[in-house]
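Written out below as structure tokens is the structure these notes cover.
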Amino acid sequence: MGKLLEDVMEFLPKEVLEGLRAAQKRDAAKKARLRVLAGGQIWPVLRRVPGGFALDADEVTHLRGHVDLYDGETHVATCLIVASEIQGHEWICTVKRETAVSDRAALDFVQEAPTLSGYLTKL
């Protein structure tokens, strides 16, 4: 089915193909919950790839270093992008490190016993 669709699209006018690609980009951006924040700019993540993620190559010209990854409004990870390349219409970012964000500080000691969260009073 994919090969047949590619063969049919080969005969479409250039303007129609560009319109179809633009519609696909808009649809992918609307569906994308994951977003990358870097340097005050936000880009939707089109898809996750092994070792990184893909962004729209028309929107991103250069992206390296530390970035923040959001799922909707929730900050989920910090990432270190070490390499990126264009594949088709996607900017593939290769991540060296992806660290999950926690809502509390990491403990630097072992807790021997569970801590009490409150006391019950006698009636």
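Under a 5 Å amide H cut-off, with hydrogens placed 1.01 Å from N, V45 pairs with L34, R35, V36 among residues at least 5 apart or on other chains. Within the shell defined by Cβ-Cβ distances under 13 Å, the residues around V67 carry a net charge of +2, with Lys and Arg each +1 and Asp and Glu each -1.
In order along region 51-59, the Karplus-derived 3J(HN,Hα) couplings, from 6.51 cos²θ - 1.76 cosθ + 1.60 at θ = phi - 60°, round to x, x, 7, 10, 10, 6, 5, 6, 9 Hz, and Gly and Pro are given as x. Sites listed here are trypsin sites (Lys or Arg not before Pro) in region 75-122 whose DSSP assignment is loop and whose Cβ has at most 12 other Cβ atoms within 10 Å: R104, K122.
Values quoted throughout were computed directly from the atomic coordinates according to the rules given, and no laboratory measurement underlies them. Here the structure is a predicted model, which is why all the values come from computation and not from measurement. Please note: Cβ atoms are built from the backbone with ideal geometry, for glycine as well, and neighbour counts cover all protein chains shown.
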